[in-house]
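Novice: Dropping the structure in here first, questions after.
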Amino acid sequence: MARFIVRRLIGMAIVMLVVSFLTFLIFFKIPGGDPADRLAGKYATPGQVAAVEREWGFDKPFWIQYGNMMEKTFTGDLISYTRQDKVVERIIDGAPRTFSLAIGAALIWLVLGVALGLFSALRAGALSDRFLTVLALIGISMPVFWLGALANYYLGYKAGLFPDGGYVPISEGGLWEWFKHMILPWSVLATLFVGVYSRVLRNQVLDTINDDYVRTARAKGISERRVMGRHVLRNSMIPIVTLWGLDFGYVLGGGAILTETVFDLQGVGDYFAESIGALDVPPVMAVVLFGAFFIVLLNGIVDIVYAALDPRIRLS
Amino acid sequence: MRSTLRTLMGLIAVLVLALGVAGCGGDDGGDEGGATGGGEDQAAVQEGGTATFNYASFPDYLDPAMSYTVAGWQALIPTYTPLLTYRREAGAAGAQLMPGLAEAMPEVTNGGKTYTFKLREGLKYSDGTAVKASDFEHTIKRVITLESGGAPFYVGAIEGAEAYQKAGKAKGDITGIEADEATREITVNLTEASGQFPFIVSMDFGGLVPGDTPFEILTKKPPPGVGQFKITKVEGNRAFTLEKNENFPEIPGLPPAKLDKIQINVVKNAERQVRDVLTNEADYLDDPSAGDALQEFQQQATDRYKEQTTNSTYYYFLNHRTPPFDDEKVRQAVAYAVDERAVVRIYGGLMEPGCNFLPPGMEGHQKVDPCPWGDPGQPPDLEKAKSLIKEAGAEGEKVLVWGNDEDDSRQNAEYLASAMKGIGLDARPKIIEGSVFFTTVGNQRTKAQAGFTNWFQDFPHPGNFLFLVAGDTIQPTNNQNFGNVDDPEINTAIKELNPKELSEASDGYAEIDRKLVERAHVVPYGSKKIPLITSERIAFENVLFHPVLQADYTTFALKEGEQ
């Protein structure tokens, strides 16, 4: 296990290195994006621009600039071109909001996706299965920005059932206020994933349910509940775990930009969108690394869970 | 100031005009800058209480040396008072200067090159420390050392400021500023006489801060100031708090704040920003954008909705150095083709159509009536435009219309391209990223033929607009005269008028304005209107919407009985 974890950690580091390098390359090469000019401000004299170039190493080869940027990222000294504030502080500030959204939504879509997928599979072909299939397709087809705007307007503003956006930290408004503000964002973000997960699991269960080992288990007289739980569901969960790891990592890393924007959560995703809009390279770099970290981390965890679900997969 | 970039551009060019100007005073200005609030039918209000304001985004900075946006200034103006300020009145009177921390208007000597201010006695910052005459020099040094967007106003204008900047030593000396602590006198020597200098002093960059304020951007912990409010809490980039400053002295014309506290929250969702005010969850929204929610507000809460026309000009530039716009007939054809009614629709009605270059609230504005290119409220004369294009032999000429990816700019570029197509030019829009737009079209190598642009006043002086069309401000890069307008007659008139007091020069500026329009040097189409909305808790009729400073936070008050 230790060797496995070490291997995964090295893999993570390599992936993050490649991601950071590619991001830096893309933004370094954008037209009109001279970083020294941007950092020095609109009315800087040539001398001031030159000073910024020296300080940040922009007059040095590409790989040294890349090294400088990485050093500043990991020491927390990375500064936004547009606002001149510390990027890492902004990410730390927004992270609780993004985590609140990601963790709650991921739990909802996992639990509901699995429950509805299993229910659908057990009643394959029945009216309830068809109904759930239609519901799932609707959920998959509805864009988050549209569904979010509708939910905000009708359930939040018009009906007053929920707050129509915003975020209240537990430390300020207490658990209930935090929970109330998160219900709509969780539900809207989870809707898309519930549809996908339930469809994937339904099909996986239907594929597995007639496999030889399942028939063998039944022939041995094992109860149906045990057959479904220990043999069918356990094996059908492997693609779900893979998907969940990727999706959860993505949302945790600030990928739910639209949901954060529609519900005015002002988390890491929102910061990312703001920085992209301003072509502000340092925060874009840092948020991409932040997101990549969670995707790689969740993938590592998924690998471990694989082994627990399927003993045929050896960690070594 | 460019609304789209938020950080303002072209200030060096302003200084080109500001310098070489003789005369003094300049405390007269504006003709009908604002019509909202402040004065008529004041409602009964209570002293104290807390209000919540929504901002669409966090101000650029909460440091008077750095902030250069409307949102920033609205919060900082009642927090940091400069030596001079504007009368807190609506309409033309609001554009007139009055003493702020200075005891009186400055004494101007040495042919307009020396300004002497005297500080009021017993002034204290919000933290209780005494205000010293030498703090003014420190305040200006911070603006220069921090490379603020406001630095070009002072560098070059004040003797020794450029040398101070070049030396790069924060604690160095600006030789042109002398302070006498005993007499509380501050003497400022200018490199050349400047009638615009009093307006520059009244900008919030000059809001005094203590002499030991560090040379660093202090948004997270703003320095103490002398204002009706003080900033007491800054929460990341999403909220900050203004609290009543109990140390604010009695200054005639600057009444103390009515509210005890203003909590300012960033709410990015455009619909929610407005709805919060409609439902009284927030009490005010800074600069609401047009949309369904604002329309709903207008319909449901007419008694707390007003629009104010800002001192801004929205116009299309046509590059005089690039075909086909080097031909006056083609420029006239475009002026004929633009349908102001369509442009107003782009702004959801928040645009006051007009064909003047100087905005309605500016001294020197005299409505060009009738507009030479047709009534802005009527359909355009396309036949006339087409015939002019034919006469110029410009049919089928290729034109790129430049705009950026921000809301109104993109739609404007697309509209202008379609209007040009309609009269026989082969035009198409060229949309680029907002943060590089003005530097790109301001680079002569780009040869931008036509495009969208706008300007918001920094201070109510025509010079703050006319530098955009003065031939001597044309530069190879960072050019703000995007159309390369270089009319010798207009250039001379601008130079001749600059030294004069505004009241004397008003007709002259109106004449320049008329020539700019009649010669189709630019195609202005209007001035932006800003809606003012408040919750039911606020005494709406008491709120002063100032022609220069916009919403005056010190006039916000809760109605009697509101908690």
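Novice: Can you tell me how many residues within segment B:274-309 are away from chain A (no Cβ under 12 Å) and either in contact with a strand residue (DSSP E or B) (Cβ under 7 Å, 6 or more places away or on another chain) or surrounded by 22 or more Cβ atoms within 10 Å (Cβ to Cβ) (or both)?
Specialist: So the answer is 16.
Novice: Across segment A:167-193, what is the number of residues that are buried (at least 22 other Cβ atoms within 10 Å of the Cβ) and either in contact with a Lys or Arg (Cβ under 8 Å, 6 or more places away or on another chain) or not polar (S, T, N, Q) (or both)? So that I can check it myself, show each step before the final result.
Specialist: As a first pass, look at segment A:167-193 and keep what is buried (at least 22 other Cβ atoms within 10 Å of the Cβ): A:167, A:181-182, A:184-186, A:188-191, A:193.
Subset that is either in contact with a Lys or Arg (Cβ under 8 Å, 6 or more places away or on another chain) or not polar (S, T, N, Q) (or both): A:167, A:181-182, A:184-186, A:188-190, A:193.
Adding up the residues that qualify gives 10.
Novice: Evaluate segment B:223-235: report whether one residue or more is part of a strand (DSSP E or B), within 14 Å of chain A (Cβ to nearest Cβ), in contact with a Leu (Cβ under 8 Å, 6 or more places away or on another chain) and not aromatic (Phe, Trp, Tyr).
Specialist: Yes, segment B:223-235 has at least one match.
Novice: Let me ask something else. Could you tell me which residue of segment A:69-96 is farthest from B:PRO59 (Cα to Cα), considering only residues that are away from chain B (no Cβ under 13 Å) and surrounded by fewer than 17 Cβ atoms within 10 Å (Cβ to Cβ)?
Specialist: Per the criteria, the residue is A:GLU71.
Novice: Among the listed residues A:PHE272, A:PHE293, A:PHE263, which satisfies the condition of being touching a residue at least 24 places away in the same chain (Cβ under 8 Å) and buried (at least 24 other Cβ atoms within 10 Å of the Cβ)?
Specialist: A:PHE263
Novice: Continuing with the same structure: Only residues that are open to solvent by 10 Å² or more (accessible area, probe 1.4 Å) and in contact (Cβ under 8 Å) with a residue 40 or more places away in the chain: list them for segment A:236-255, please.
Specialist: Quick first cut of segment A:236-255, residues open to solvent by 10 Å² or more (accessible area, probe 1.4 Å) only: A:237-239, A:241-244, A:246-248, A:250, A:252, A:255.
Of everything in segment A:236-255, those that are open to solvent by 10 Å² or more (accessible area, probe 1.4 Å) and in contact (Cβ under 8 Å) with a residue 40 or more places away in the chain turn out to be A:MET237, A:ILE238, A:VAL241, A:THR242, A:LEU243, A:TRP244, A:LEU246, A:ASP247, A:PHE248, A:TYR250, A:LEU252.
Novice: Please note which helices (runs of 4 or more DSSP H) are completely contained in segment A:224-316 and include at least 3 residues that are at pLDDT below 90 and more than 14 Å from chain B (Cβ to nearest Cβ).
Specialist: Ranges flagged: A:234-250, A:281-309.
A quick yes/no check of all residues on (1) open to solvent by 50 Å² or more (accessible area, probe 1.4 Å); (2) in contact with a helix residue (DSSP H, G or I) (Cβ under 7 Å, 6 or more places away or on another chain); (3) free of Cβ contacts under 8 Å to residues at least 60 places away in the same chain:
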residue	(1), (2), (3)
A:VAL114	no, yes, no
A:GLY117	no, yes, no
A:ALA126	no, no, yes
A:PHE131	yes, no, yes
A:VAL134	yes, no, yes
A:ILE138	yes, no, yes
A:VAL144	no, yes, no
A:ALA151	no, yes, yes
A:GLY156	no, yes, yes
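Novice: Then there's this: Give the residue that is nearest to B:GLU383 (Cα to Cα), with candidates limited to residues of segment B:394-414 that are more than 14 Å from chain A (Cβ to nearest Cβ) and open to solvent by 40 Å² or more (accessible area, probe 1.4 Å).
Specialist: If we take residues in segment B:394-414 being more than 14 Å from chain A (Cβ to nearest Cβ) and open to solvent by 40 Å² or more (accessible area, probe 1.4 Å), then B:GLU395 is nearest to B:GLU383 (Cα to Cα).
Novice: State which residue is modelled with the highest pLDDT when the search covers only segment B:416-452 and only residues that are open to solvent by less than 40 Å² (accessible area, probe 1.4 Å), closer than 21 Å to B:ALA335 by Cα and within 14 Å of chain A (Cβ to nearest Cβ).
Specialist: Among those residues, the one meeting the criterion is B:ALA448.
Novice: So, in segment B:242-261, how many residues would count as being of a type outside the set (S, T, N, Q) and assigned to a loop (DSSP other than H, G, I, E, B)? Before you say what the answer is, go through the steps one by one.
Specialist: Going residue by residue through segment B:242-261, those that are of a type outside the set (S, T, N, Q) are B:242-244, B:246, B:248-261.
Then drop every residue that is not assigned to a loop (DSSP other than H, G, I, E, B), which leaves B:246, B:248-250, B:252-253, B:255-260.
Selection size over segment B:242-261: 12.
Novice: I've got another one for you. Quick one: B:GLU121 ticks every box in (1) free of Cβ contacts under 8 Å to residues at least 60 places away in the same chain; (2) in a loop (DSSP other than H, G, I, E, B); (3) of a type in the set (Asp, Glu) bar one, so which box is it?
Specialist: The one condition B:GLU121 does not meet is (1).
Novice: Right, next: I'd like the residue in segment B:262-287 that is part of a strand (DSSP E or B) and hydrophobic (A, V, I, L, M, F, W, C) and, out of all such residues, is nearest to B:HIS546 (Cα to Cα).
Specialist: Out of the qualifying residues, it is B:LEU285.
Novice: Criterion first (closer than 28 Å to A:HIS181 by Cα, away from chain A (no Cβ under 14 Å) and open to solvent by 20 Å² or more (accessible area, probe 1.4 Å)) does B:LYS261 satisfy it? Reasoning before the result, please.
Specialist: Details: closer than 28 Å to A:HIS181 by Cα: yes; away from chain A (no Cβ under 14 Å): yes; open to solvent by 20 Å² or more (accessible area, probe 1.4 Å): yes.
The answer is yes for B:LYS261.
Novice: From the list B:ASN491, B:ASN484, B:ASN498, B:ASN478, which one is in contact (Cβ under 8 Å) with a residue 40 or more places away in the chain, outside the structural domain of B:GLN42 (by TED's automatic domain parsing) and over 22 Å from the mean Cα position of the chain (by Cα)?
Specialist: Only one candidate qualifies: B:ASN484.
Novice: Do we have any residue at all in segment B:364-379 that's assigned by TED's automatic domain parsing to the domain that holds B:ALA450, over 27 Å from B:ALA493 (Cα atoms) and touching a residue at least 40 places away in the same chain (Cβ under 8 Å)? Give the steps one after another, and end with the answer.
Specialist: Of the residues in segment B:364-379, the ones assigned by TED's automatic domain parsing to the domain that holds B:ALA450 are B:364-379.
Add one more test, that the residue is over 27 Å from B:ALA493 (Cα atoms), and what stays is B:375-379.
Retained after the next criterion (residues that are touching a residue at least 40 places away in the same chain (Cβ under 8 Å)): B:376, B:379.
For segment B:364-379, residues assigned by TED's automatic domain parsing to the domain that holds B:ALA450, over 27 Å from B:ALA493 (Cα atoms) and touching a residue at least 40 places away in the same chain (Cβ under 8 Å): present.
Novice: Hey, among the residues in segment A:205-235 that are polar (S, T, N, Q) and without any contact (Cβ under 8 Å) to a residue 60 or more places away in the chain, which one's surrounded by the most Cβ atoms within 10 Å (Cβ to Cβ)?
Specialist: Out of the qualifying residues, it is A:THR208.
Novice: Could you grab me the full set of residues in segment B:127-156 that are buried (at least 24 other Cβ atoms within 10 Å of the Cβ), of a type in the set (Ser, Thr, Tyr) and away from every other protein chain (no Cβ under 14 Å)?
Specialist: Of everything in segment B:127-156, just one residue is buried (at least 24 other Cβ atoms within 10 Å of the Cβ), of a type in the set (Ser, Thr, Tyr) and away from every other protein chain (no Cβ under 14 Å), namely B:THR139.
The values are calculated or read from the model by the stated rules, or taken from the named source; none is laboratory data. The structure presented is a predicted model; accordingly, all values stated were derived computationally and were not measured. Virtual Cβ from ideal backbone geometry, glycine too; neighbours counted across all protein chains shown. Note: areas computed on protein heavy atoms with side chains; ligands, DNA, RNA excluded. Shrake-Rupley method; radii C 1.70, N 1.55, O 1.52, S 1.80 Å.
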